[in-house]
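Written below as structure tokens is the structure these notes are about.
Bear in mind these aren't lab numbers, they're just calculated from the coordinates by the rules spelled out. What you see is a predicted model, and the numbers here were worked out from it, not measured in a lab. Please note: Cβ atoms are built from the backbone with ideal geometry, for glycine as well, and neighbour counts cover all protein chains shown.
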Amino acid sequence: MTTGSVSPRRADTRRNHERILTAAAKSLTRSGEVSFNAIAKQAEVGVGTVYRHFPTPEALILAVYRREVSQLVDVVPSLLEKYTPEQAFRTWTIDHLAHYMMTKRGLADALRTATAYRGELPANAYQAMIDAVSTLLKANVDAGTVRANLEPQTVLRGLGGLLYLDPDGDWQRDVADLLDLMWRGMGTDRS
């Protein structure tokens, strides 16, 4: 085997890991519950394979959450390349963050249950979200569209209001209204 190549067994392990995460994400989105048997069937792996990758339901829920957060964070640079900083912030908030919050209610409930004994979400996922908001804010500060003294934690807490929107209602309009309100508060015409 040459340096940098991956053995067929490792490649199969990675594929199984991804299939399990994909199946679990779908299950959590639908019902908010984790059934290792149902996930194994959907992922087309044995239930023992699921347990080898994720020894507890909590471990699986947290892995799904980390993956979902990674997808939310990883899109930020491409949005900043494609749009103006303000439009990148709005697109990220509506098309990615709010869409995630509206369609992943089951995951949110499962995550609260899985992390109840800790009392908070995994710190690295929270920090990744802070970093994403910070990147968007910095681009907007550089463009002169928001104040330089904004704290990303405060902005993210403001965006936490998205959790209270009705996923069956006109949430896109509600998010746009919330963003307009926040944008006025974050604008450069305030000190």
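Numbers at a glance
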quantity	calculated
Cubic angstrom per residue, convex hull over Cα atoms of the stretch 8-55	59 Å³
Virtual paramagnetic centre 7 Å along Cα→Cβ of Glu86, amide N under 14 Å, in the stretch 148-191	179-190
Nearest 10 degrees, 0 to 90: helix 105-114 Cα axis against the chain principal axis	70 degrees
Two-site label geometry, Lys41 and Tyr164: point separation in nm, points 7 Å out along Cα→Cβ	4.0 nm
Ratio of Rg to Rh over the stretch 143-191 (Cα coordinates, Kirkwood Rh, two decimals)	1.04
Reference-scaled alpha-carbon Rg (2.2 N^0.38 Å with N residues) for the chain	1.18
